[in-house]
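The values are calculated or read from the model by the stated rules, or taken from the named source; none is laboratory data. This structure is a prediction, so every number in the text was calculated from the model and none was measured. Every residue, glycine among them, receives a Cβ derived from its backbone with ideal geometry; neighbour counts consider all protein chains shown. When the accessible area is computed, the model is the full protein with side chains, heavy atoms only, and any ligands, DNA or RNA have been set aside. Shrake-Rupley method; radii C 1.70, N 1.55, O 1.52, S 1.80 Å.
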Amino acid sequence: MIELLPQQLVNGLALGSSYALIALGLTLVFGVLQIPNFPHGELYMLGASFTYVLVGYGVNFWLAVPIASLGVVLVGILLDQVGYRRIDRGGNLSLMIAALAMSTVLQQVATLLWGAEPHTTRTPFTGILRTPYFSIGIYQIVIFAAALLCWLFVWLVLHRSRLGLAIRAMAQNRTAALLMGIELTWVRIATFAIGALIGGIAGSLLGAAFPIYPTMGLNPVLKAFVILVIGGVGNLWGAIVGGFLLGILEILVAGYISSQLQDIGTFAILVVVLIIRPNGLFGRAEVLR
Amino acid sequence: MKRLLATAAIAALLAGGSTVQAEELVLGEIHPITGPASFYGLVMSQTLKMNAEQANAAGGIDIGGKKYQISIDTGDDQAQATKGVAAFRKLLADNVHFVIGPLASAVAPAIKPVIDARPDVLQIIDGSIADGVVNGKNSFRVQADADTYNDAAIDYLKSKGIKSSAILTDRGHQGFRMSEQRMMKSLKNAGVNIAAQEYFQMGDTDFSAQITKLAASQSEALILRGYPGEGALITKQAQQLGYKGQIVWEMGAPPSTVMKNIPATQMDGVVNCIPRMMADYIRLNVPNAIKVADAFHARYGKDAGENAAFSNDAFWILTTAMQKAGGVEPGKVAAVLKDLKVTDVPNLIIQYKPQENGLLFKNGQAHPPSACQIWHGENWASLPGDHLDLTTKN
């Protein structure tokens, strides 16, 4: 069984890269605005669906990905302005209910538009990289690279731009940031836009590997929330490492313990991290005075 | 005002007296209309509605000298047990006494206790292959049981002289899980070694951990038991991870669904062993199948899915039993079903194996024949030497 380890680790990295890609956008919105953005799963679904429609109209896949992702950005901003902004001071429960409601609304709209039946965008690369130790699809390598590039993009925006400075300030202390003259409206629009962009890219790319249907975002977004807890809410590096960690763990549980316990492994690690490091592997404890 | 009311009352009386109003008979159905199994359920629901429309257009169904207009009350179970129970209870609340469905093997066992406790409700299962869901009193099944699926695959392995097989099963599929031990026994009796056994879940998209283990077992065959969305993804990932053996599916798999999940060329040579389904009967020129397929295409502008045959048959079996019972009292209709012969029912697509004395059901279970097909080009094709005996009115 140990001879299968290189292949299982590669399988875990491939699975983890899809988790990381979805978790990245979610952690940004949750970390900055403290909004449990459940419809992030639907933004992911819309990215996949928009790409499917565009490719169906003959648009080249690699052109369809950015167009679809920009479409998702618009939906993301709309989501915030219509669903969250007006109840921002209503408390966490209101935000959570609004998030769940919008998640359902987007699923229903997608069902009306494209039906409930699963569909798939044709994978642009079908090649396989075979080595003596492992095999991996070329497209999985693309998704792996996309996860790292998206992380780099968000990191550059947050750490090398004035907008990023404002977003980080808002994440650290909203009241202080407002007192310093940072405009909340634009920060939240930018945060939602970046989060939705990453969600859209994730959907566009992964929709070419997995079936697309209105409720396809439910399971990934649950996993993404687990990753947030593992990596630390709002921590980009935590989302990436947490995604890979979860992917590898799930594969190792299925590969070496039992495939019937794959999901139990996910939630076991969640409980362990919550006990040992309640703020996540990369999160920092807050001191309230 | 009084004059207006009087005029309205007279008009209503005249209208009532001038035409004979057909009574409405509501048939309930439980299928996954949304969710990942909707590609099965939507077509089944549409088939039932089309049959009802056709019957109504012909003046309704004559039961005991009364004409009934059929309407279909749809419950969407999303192939999930909890939603299935809720949908079923909603049908009962709507005062529905006849239910066709469910499709999902997770749903049928969940609603069984409710069915058992309600002798005033009659169910014909057109999809689920779970064990123990048919009681032969007020629940009947036109779909095959899980053993029919398993035996078809085992017969194929035997015919090809395959001596070892790995098995990958949808762990949420009650029919396949419940029949697991019997299948293992049958495989051993057939001289087939079980090289490895793994599980997945409907909605999963990554199967690499399981396939890596199965591929390492170097089995001559890999049997996939579940639904075609996952089946296609597993097949694709198995090839990617270098699995070389014969892949054998056990699942109703419309080509349109298969090709949404895997390029057609990667499916070449995959064998599917299942009860014969709609496309099979069309391919084998069964007249009723062709008639329903044409009508379905004209009505909905698309091809009838694989399970349309089961829903079509459930509709005609139920309405024929009502006609023979001369009423719509569930107990009487159930009594007729027990004595119904394969040749009694018009419009059947599936060529059921007649039971003793030509009966359609034995202990509530009908016996559709099974066969294996091989993927070729963009569709399933019959294996050489495949033939079918017509057993029903066609």
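Descriptive notes on the structure:
- Looking across segment B:354-366, just one residue is at pLDDT below 95 and either in a loop (DSSP other than H, G, I, E, B) or of a type in the set (Ser, Thr, Tyr) (or both), and that is B:Gln355.
- Taking the numbered list (1) open to solvent by 10 Å² or more (accessible area, probe 1.4 Å); (2) farther than 28 Å from B:Asn95 by Cβ in turn, B:Trp316 passes all entries but (2).
- In segment A:248-267, the residues that are farther than 14 Å from B:Asp204 by Cβ form Cβ pairs under 8 Å with partners that are basic (Lys, Arg) and surrounded by 14 or more Cβ atoms within 10 Å (Cβ to Cβ), at six or more places apart or across chains, as follows: A:Gly255/B:Lys213.
- Any chance B:Ala216 is open to solvent by 40 Å² or more (accessible area, probe 1.4 Å), modelled with pLDDT of 90 or more and within 13 Å of chain A (Cβ to nearest Cβ): yes
- Among the residues of this structure, B:Glu230 does not count as one that is within 20 Å of the chain's Cα centre (by Cα) and under 23 Å from B:Lys160 (Cβ atoms).
- When restricted to residues that are open to solvent by less than 10 Å² (accessible area, probe 1.4 Å) and not in a loop (DSSP other than H, G, I, E, B), segment B:100-130 contains 9.
- Going through (1) free of Cβ contacts under 8 Å to residues at least 60 places away in the same chain; (2) open to solvent by 10 Å² or more (accessible area, probe 1.4 Å); (3) not charged (D, E, K, R) one by one, B:Gln246 falls short only on (1).
- Enumerated helices (runs of 4 or more DSSP H) restricted to segment A:1-100, each holding at least 2 residues that are within 18 Å of the chain's Cα centre (by Cα) and within 14 Å of another protein chain (Cβ to nearest Cβ): A:5-33, A:40-56
- Filtering segment B:271-285 to residues that are among the aliphatic types (A, V, I, L, M) and either surrounded by fewer than 24 Cβ atoms within 10 Å (Cβ to Cβ) or at positive phi (or both) leaves B:Val271, B:Ala279, B:Ile282, B:Leu284.
- Pick from segment B:27-61, criterion open to solvent by 20 Å² or more (accessible area, probe 1.4 Å) and within 14 Å of chain A (Cβ to nearest Cβ), ranking: modelled with the highest pLDDT: B:Gln46
To keep it simple, each residue is scored yes or no on (1) assigned to a helix (DSSP H, G or I); (2) not charged (D, E, K, R).
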position: A:Ala176; (1), (2): yes, yes
position: A:Ile182; (1), (2): no, yes
position: A:Arg188; (1), (2): yes, no
position: A:Thr191; (1), (2): yes, yes
position: A:Ala196; (1), (2): yes, yes
position: A:Asn219; (1), (2): yes, yes
position: A:Glu250; (1), (2): yes, no
position: A:Val253; (1), (2): yes, yes
position: A:Ala268; (1), (2): yes, yes
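- Being surrounded by fewer than 24 Cβ atoms within 10 Å (Cβ to Cβ) and assigned by TED's automatic domain parsing to the domain that holds B:Met183 is a description that does not apply to B:Ala293.
- Checked against the criterion of being in contact with a Gly (Cβ under 6 Å, 6 or more places away or on another chain) and either open to solvent by 20 Å² or more (accessible area, probe 1.4 Å) or closer than 18 Å to A:Leu236 by Cα (or both), the candidates A:Ala169, A:Ala176, A:Ala202, A:Ala196 yield just one match: A:Ala196.
- Scanning segment B:186-213 for residues that are open to solvent by less than 40 Å² (accessible area, probe 1.4 Å), within 13 Å of chain A (Cβ to nearest Cβ) and of a type in the set (A, V, I, L, M, F, W, C) yields B:Ala196, B:Phe200, B:Phe207, B:Ala209, B:Ile211.
- The set of residues in segment A:101-133 that are assigned to a helix (DSSP H, G or I), open to solvent by less than 50 Å² (accessible area, probe 1.4 Å) and within 12 Å of another protein chain (Cβ to nearest Cβ) comprises A:Gln107, A:Ala110, A:Thr111.
- Count of segment B:337-352 residues which are assigned to a loop (DSSP other than H, G, I, E, B) and surrounded by fewer than 16 Cβ atoms within 10 Å (Cβ to Cβ): 1
- Residue match in segment A:225-238 (condition: in contact with a helix residue (DSSP H, G or I) (Cβ under 9 Å, 6 or more places away or on another chain), more than 14 Å from chain B (Cβ to nearest Cβ) and open to solvent by 70 Å² or more (accessible area, probe 1.4 Å)): yes
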